[in-house]
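Colleague: Structure provided below as structure tokens; questions to follow.
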Amino acid sequence: MKYCKHVLVIAASCFSHFTLASTPNVIVSVGGNEYLAKRGLFGSKEEVGGELVLAPASDPLLCNYNGTQTASPLSAASILLVPRGDCSFEQKAHAARQLYGVVGVFIYDTLSARYGWDAENERVNFPRAQWDYECANGFGTMKNLALDPPKYNSTELDSVLSQGCTLQATRSPCESNLCVVTSHTKNDTDYPVCCAWDLPMTMGGDDSLNDDMTKDVVAVFLTIRQGKEIVPLATAVGAGGGAVGTITARPRSNFNISFLFIWLMAMFATLFGAWNGAKEYRDFSEKLAEYKAQHGTPTNLSGARDAIFDVSADEIDRDDELTSEPGNEPPFRDETSDSKGGVLGWAKKFGRGNKQDEPLSLRSIPPARKGSKTETEEPQIKSGKQAEGSWALHSIPPDKKRKKKKSAAPDESAIDAATRDVTAQTRAQSSGEDIDGFIPEGESAGKMEAELTQWHIFGFVASASIMLMLLFYFRFYPFIFVVYALGCAGAVSYLIFSPILVKVVPKLGDEVITELNKEVCCRQNGFDVTSQLAGFVWSGIWIWYGLSHYQPLTNWFFWITQDAFGITVSIMFIGALKLYSIKIATWFLVAVFFYDIFFVFITPYFTSNGQSVMLAVVGDSDTPIDDFCFKYPDDGECTGITSLPMILTFPHINDWTGGSAILGLGDILLPGFLVSFTARVDEAKRLLGRHTTIDLQVPAKWYQGYFFPLSVAYGIGLLITFSVLWSTGQGQPALLYLSPTCLITIFIVGRKEIKEMWNDSRTLRLADKLMKKCEKNWARQRMQRLIAKKRKERAGGGNAGQGVPPEQNQIERPSGGRKSNAGRYQPDGNNATGRGRGRDNLGGRGRNPRNPAGREGGGRRPVQRQNAGTRRRHSRGRKAESEGNDGGKAAGSQSDCIEVGKNDICVDNDSNPGNKALRRAAEKSVDTFGVDDFGPEVYKDIKKQLKGKRFLIRDGSQWRQAGKIEIRDAVERAFNEAKGS
């Protein structure tokens, strides 16, 4: 569904406007009177005028033309009046143009045109309900009409049904004052009648005719009442002397204030989305600055090295970094030696060469160049002879042809230097030196982002083209509408409802905050569920209205919701889909540039009706069914959305068309990716310039850099699109103007750095690396702080009630012992009182490491814990048992024992069969995380693999459920053992 939504958004890439159906669009002027009429979907759109003439009596309906008749062109420009009926509208216009050369055709409606004749059964075909009449507007009964049989005679019945028809009053009066006979029972004298419709009609084309056949004639439809007034003013063909009529378009300006609102919404969505996409760099820069300020270190640390910071091994190997700053020399390096003699200098510090002029034979030294001093010593090294007064270091392995290790780039060294204080603080946390310092909080949720590549370009454009063609032929808009609405619910809940809850809920009190922070379902708390529920309710109401109403875009709730959804989706996509190179952006915009040209300007040459695929799918157009829906908007065939919902729309203001200006979301997203790229580059430069010494041109002001020029270019590109639309009155593909405007701007503004940003932006990669390294260290610090805090609490709890002074609660390491793989102290020999294999007892539950009774004879004596941090026992009704060396009484009765199963994991007994699953899970995690230290991610991964298994620990003579900290220690021990094996 997510990928489908990407495709749909790109497919909707056009700027246009549409009008309401059954709206008169021309003015007919005859004899000083003006009439609003509707022009056909075929024929010319020019404004014409001429003498009014009637169709010949030999063919009054102009339905007998077959191309063989002799043409009789009229000498003067004329407009022919033809009654409706018997053949298509376009066929009448074609015959009038070919026979008489007229410039216009008035096709006027009649009551007789609504009746047909079944010659085989000699019965009348009566008008269609709702299409031709509506009984709810008036109904009645007439008697003794000369109808059915014979067929309808307009001369006799038109006057009767228009003047002598009496209808019963209803809620809706009969606006036309015309009647039609709806049915008749044979040999019956009663004829039921109802109110006839008399409204402008949409004249569709004829598929059997080519549009070029009527391109020079204007066809206009007149209602029955308009025809009654205009027809008497016309004369017969060739007679002359008829009234002059003109056909002009209804005046309207192509410019509308709604275009400016569309422009503002598009600018807001693009710029805010781009600004929000660079937010991670701004937030991280502030967090890093606050972190360094809290720990008393300067903001930019790469210029000097503090003594408390350790130098990592990889930094020692970097000659470019070590020699670039004073005080960065490697340990034991001879200060008088150059870079080539560094190894020699180290050896002298060890006492291997006590004289500076004495040679030193080292098997690891590579062969010297020809003519150098070292070349004369090479035979001695190979022969194994020792020069007088020299030392031979035979412990150094023989020469091997190894690839010379490339020194780190200066930028990489600067990143390491910038994160050196964070790494040092992580070590301080690990050693317990600092458990109270400031640590930035981690991300509360995973980031939803992806890098755009050339495969995305191909996939998006190809899929969008297929989707556009399918929509053009099959028009499955309701399905697209529902999918899009459900996808928008998540974006709305994240960008609208979540910030509202964060602002409003704290004002309701702590009790409400506590309740909403509780987990409701699927690891979602009350805040998450409330915001998502609000988003889906809003989306559900929007879906219901869109599927149950006619032309929902005319309703203020619907189009405001559509704009809100479109803006939030654009912001989410621009922030989540990221570019890292100008090359991908160029390919993307060039691809959609030709995509728009093809589907707007070229597809009319391939479609049967000459219609643009893009404009037909994105916009809305008049069809004959719209005449019916205009009268019955609640009918099932009329309700529902008839265009793509992935658009921004705003209704026209003071416009008789009643339409809307629209802009496809593709015109926001595709240039928005490039604008977001420039915003991220600017913020990355500010981040690196603030915290590193990398040589960059940092934009100091808000209008400096790339983001501001690209924003201006995008706005100008939209204005150019609007200008072309205003001048032509036709929908325009906005990307036709946005793509070159944005690309030309980025190539001009970034001409000095375009080579660096073409394939891959070095600035963005360095900023990402700086963030990743710091966030990783901060995550370790948070875990180490939590571990230190829990151990401190347990150490204090173990001494509670034993009369031990508070200052003795701190646990000291014994003098003898060794280090485990995890870096935790382990006592040697029989002095070990902890549980498990090589495990110390510092973190033991309910054990006092200073209890002498526990070390005599290896006996274990559980101590009753009374502090508030004591964890509950697994078995119901269990009481702690206290024993003394003098054989004191037990402090309670024992409960039933927990039986250890083969699938259970025993924390202090590795020989249990269930512990094999723990070791296998640890080995899989080592394969996944490599040499990374144990952290929350590793712990979650192992626990996920062991889902459903019990962790047990021996408590005296019984087994109980292990606590969280005991489980964590066991998991960490297993992971470190797997990593060391």
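The values are calculated or read from the model by the stated rules, or taken from the named source; none is laboratory data. None of these values were measured; they are calculated from a predicted model. Here the Cβ is made from the backbone with ideal geometry for all residues, glycine too, and neighbour counts use every protein chain on show. Surface areas here come from the heavy atoms of the whole protein model, side chains and all, with no ligands, DNA or RNA. Shrake-Rupley method; radii C 1.70, N 1.55, O 1.52, S 1.80 Å.
Colleague: With the requirement that a residue be crowded, with 19+ Cβ neighbours inside 10 Å and over 20 Å from residue 161 (Cβ atoms), what does the range 84-94 give you?
Modeller: Within the range 84-94, 89, 90, 91, 92, 93, 94 meet the criteria.
Colleague: When you look at residue 160, is it in a helix (DSSP H, G or I), hydrophobic (A, V, I, L, M, F, W, C), farther than 30 Å from residue 78 by Cβ and open to solvent by 30 Å² or more (accessible area, probe 1.4 Å), yes or no? Even if it seems obvious, please write down each step before you answer.
Modeller: Numbers: in a helix (DSSP H, G or I): yes; hydrophobic (A, V, I, L, M, F, W, C): yes; farther than 30 Å from residue 78 by Cβ: yes; open to solvent by 30 Å² or more (accessible area, probe 1.4 Å): yes.
Considered against the rule, which asks whether it is in a helix (DSSP H, G or I), hydrophobic (A, V, I, L, M, F, W, C), farther than 30 Å from residue 78 by Cβ and open to solvent by 30 Å² or more (accessible area, probe 1.4 Å), residue 160 comes out as yes.
Colleague: Do you know which of the residues in the range 95-107 that are under 18 Å from residue 206 (Cα atoms) and open to solvent by 30 Å² or more (accessible area, probe 1.4 Å) is nearest to the chain's Cα centre (by Cα)?
Modeller: Selected residue: 97.
Colleague: If I filter the range 517-525 for residues that are exposed (fewer than 13 other Cβ atoms within 10 Å of the Cβ) and either touching a Ser or Thr at 6+ places or on another chain (Cβ under 6 Å) or among the hydrophobic types (A, V, I, L, M, F, W, C) (or both), do I get at least one hit? I'd like the intermediate steps shown before the answer.
Modeller: As a first pass, look at the range 517-525 and keep what is exposed (fewer than 13 other Cβ atoms within 10 Å of the Cβ): 517-519, 521-523.
With either touching a Ser or Thr at 6+ places or on another chain (Cβ under 6 Å) or among the hydrophobic types (A, V, I, L, M, F, W, C) (or both) added as a condition, the list becomes 521-522.
Yes; the residues of the range 517-525 include at least one that is exposed (fewer than 13 other Cβ atoms within 10 Å of the Cβ) and either touching a Ser or Thr at 6+ places or on another chain (Cβ under 6 Å) or among the hydrophobic types (A, V, I, L, M, F, W, C) (or both).
Yes/no per residue for (1) under 26 Å from residue 23 (Cβ atoms); (2) open to solvent by less than 40 Å² (accessible area, probe 1.4 Å); (3) part of a loop (DSSP other than H, G, I, E, B); (4) charged (D, E, K, R):
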{"position": "255", "(1), (2), (3), (4)": "yes, no, yes, no"}
{"position": "262", "(1), (2), (3), (4)": "yes, yes, no, no"}
{"position": "270", "(1), (2), (3), (4)": "no, yes, no, no"}
{"position": "275", "(1), (2), (3), (4)": "no, no, no, no"}
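Colleague: Considering 198, 190, which residue is under 19 Å from residue 34 (Cβ atoms) and either of a type in the set (D, E, K, R) or touching an Asp or Glu at 6+ places or on another chain (Cβ under 7 Å) (or both)?
Modeller: Going through 198, 190 in turn, the sole match is 198.
Colleague: May I pose another question? Quick one: residue 220 ticks every box in (1) farther than 22 Å from residue 98 by Cα; (2) in a strand (DSSP E or B) except a single one, so which number is it?
Modeller: (1)
Colleague: Next up: Can you spot a residue in the range 894-909 that is basic (Lys, Arg), open to solvent by 40 Å² or more (accessible area, probe 1.4 Å) and modelled with pLDDT under 85?
Modeller: yes
Colleague: Here's a follow-up. Report whether or not residue 630 is in contact (Cβ under 8 Å) with a residue 24 or more places away in the chain, surrounded by fewer than 24 Cβ atoms within 10 Å (Cβ to Cβ) and over 22 Å from residue 729 (Cα atoms).
Modeller: Details: in contact (Cβ under 8 Å) with a residue 24 or more places away in the chain: yes; surrounded by fewer than 24 Cβ atoms within 10 Å (Cβ to Cβ): yes; over 22 Å from residue 729 (Cα atoms): yes.
It is true that residue 630 is in contact (Cβ under 8 Å) with a residue 24 or more places away in the chain, surrounded by fewer than 24 Cβ atoms within 10 Å (Cβ to Cβ) and over 22 Å from residue 729 (Cα atoms).
Colleague: Here's a check for you: in the range 30-44, which residue that is touching a helix residue (DSSP H, G or I) at 6+ places or on another chain (Cβ under 7 Å) and in a loop (DSSP other than H, G, I, E, B) is farthest from residue 656 (Cα to Cα)?
Modeller: That would be 31.
Colleague: Shifting gears a bit: I'd like the full set of residues that are open to solvent by 50 Å² or more (accessible area, probe 1.4 Å), under 22 Å from residue 898 (Cα atoms) and either touching a residue at least 40 places away in the same chain (Cβ under 8 Å) or among the aromatic types (Phe, Trp, Tyr) (or both), limited to the range 933-956.
Modeller: 949, 950, 954
Colleague: Pick out, from the range 421-530, the helices (runs of 4 or more DSSP H) lying fully within it that include 1 or more residues that are in contact with a strand residue (DSSP E or B) (Cβ under 7 Å, 6 or more places away or on another chain) and at pLDDT below 90.
Modeller: Counting at least 1 such residues, we get 510-516.
Colleague: Moving on. Taking the residues in the range 925-940 that are more than 17 Å from residue 966 (Cα to Cα) and among the charged types (D, E, K, R) as candidates, determine which candidate is nearest to the chain's Cα centre (by Cα).
Modeller: Here the answer is 937.
Colleague: Sticking with this structure for a sec: So which residues in the range 238-248 are open to solvent by less than 40 Å² (accessible area, probe 1.4 Å) and within 60 Å of the chain's Cα centre (by Cα), if there are any at all?
Modeller: Listed by number, the residues that qualify are 245, 247.
Colleague: Exactly one of these conditions fails for residue 569: (1) modelled with pLDDT of 90 or more; (2) farther than 30 Å from residue 557 by Cβ; (3) open to solvent by less than 50 Å² (accessible area, probe 1.4 Å). Give me its number.
Modeller: Status for residue 569: all satisfied but (2).
Colleague: Could you tell me how many of the residues in the range 108-136 are surrounded by 17 or more Cβ atoms within 10 Å (Cβ to Cβ), in a strand (DSSP E or B) and of a type in the set (A, V, I, L, M)?
Modeller: Adding up the residues that qualify gives 1.
Colleague: Something else about it: With respect to residue 142, determine if the residue is open to solvent by less than 30 Å² (accessible area, probe 1.4 Å) and either over 29 Å from residue 30 (Cα atoms) or among the basic types (Lys, Arg) (or both).
Modeller: Considered against the rule, which asks whether it is open to solvent by less than 30 Å² (accessible area, probe 1.4 Å) and either over 29 Å from residue 30 (Cα atoms) or among the basic types (Lys, Arg) (or both), residue 142 comes out as yes.
Colleague: A follow-up question, please. For the range 164-172, does any single residue satisfy the condition of being within 17 Å of residue 85 (Cβ to Cβ) and without any contact (Cβ under 8 Å) to a residue 24 or more places away in the chain?
Modeller: No, that holds for no residue.
Colleague: Pairs only if they're at least six apart or on different chains, beta carbon under 7 angstrom, first in the range 78-91 and under 14 Å from residue 65 (Cα atoms) and touching a residue at least 12 places away in the same chain (Cβ under 8 Å), second open to solvent by less than 10 Å² (accessible area, probe 1.4 Å) and aliphatic (A, V, I, L, M); list them, first residue then second.
Modeller: Listed by first residue and then by second, the contacts come to 82/62; 82/96; 82/105; 82/107; 89/107; 89/203; 89/219.
Colleague: Let me ask something additional. Hey, can you tell me all the residues within the range 679-705 that are of a type in the set (S, T, N, Q) and within 15 Å of residue 768 (Cα to Cα)?
Modeller: 692
Colleague: How many of the residues making up the range 538-550 are closer than 14 Å to residue 477 by Cα and surrounded by 22 or more Cβ atoms within 10 Å (Cβ to Cβ)?
Modeller: 1
Colleague: Quick one: which of 781, 730 is of a type outside the set (D, E, K, R) and over 24 Å from residue 663 (Cα atoms)? Before the answer, list the steps.
Modeller: Numbers: 730 fails: over 24 Å from residue 663 (Cα atoms).
Every option except 781 fails the conditions.
Colleague: Looking at the range 652-660, can you tell me whether even one residue there is open to solvent by less than 50 Å² (accessible area, probe 1.4 Å), at pLDDT below 85 and not in a loop (DSSP other than H, G, I, E, B)?
Modeller: From the range 652-660, those open to solvent by less than 50 Å² (accessible area, probe 1.4 Å) are 652, 655, 657-660; that's our starting set.
From what's left, at pLDDT below 85: 657-659.
Subsequent filtering for residues that are not in a loop (DSSP other than H, G, I, E, B) retains none.
No; the residues of the range 652-660 include none that is open to solvent by less than 50 Å² (accessible area, probe 1.4 Å), at pLDDT below 85 and not in a loop (DSSP other than H, G, I, E, B).
Colleague: Within the group 223, 214, 235, which residue is in contact (Cβ under 8 Å) with a residue 60 or more places away in the chain, open to solvent by less than 40 Å² (accessible area, probe 1.4 Å), touching a Lys or Arg at 6+ places or on another chain (Cβ under 8 Å) and among the hydroxyl-bearing types (Ser, Thr, Tyr)?
Modeller: 214 is the lone residue from the list that is in contact (Cβ under 8 Å) with a residue 60 or more places away in the chain, open to solvent by less than 40 Å² (accessible area, probe 1.4 Å), touching a Lys or Arg at 6+ places or on another chain (Cβ under 8 Å) and among the hydroxyl-bearing types (Ser, Thr, Tyr).
Colleague: Quick check: anything in the range 932-940 of a type in the set (A, V, I, L, M) and either touching a strand residue (DSSP E or B) at 6+ places or on another chain (Cβ under 6 Å) or modelled with pLDDT of 80 or more (or both)?
Modeller: Within the range 932-940, the first condition is being of a type in the set (A, V, I, L, M), and the residues that meet it are 938.
With the extra rule that they be either touching a strand residue (DSSP E or B) at 6+ places or on another chain (Cβ under 6 Å) or modelled with pLDDT of 80 or more (or both), the set shrinks to 938.
So far as the range 932-940 goes, yes, one or more of its residues are of a type in the set (A, V, I, L, M) and either touching a strand residue (DSSP E or B) at 6+ places or on another chain (Cβ under 6 Å) or modelled with pLDDT of 80 or more (or both).
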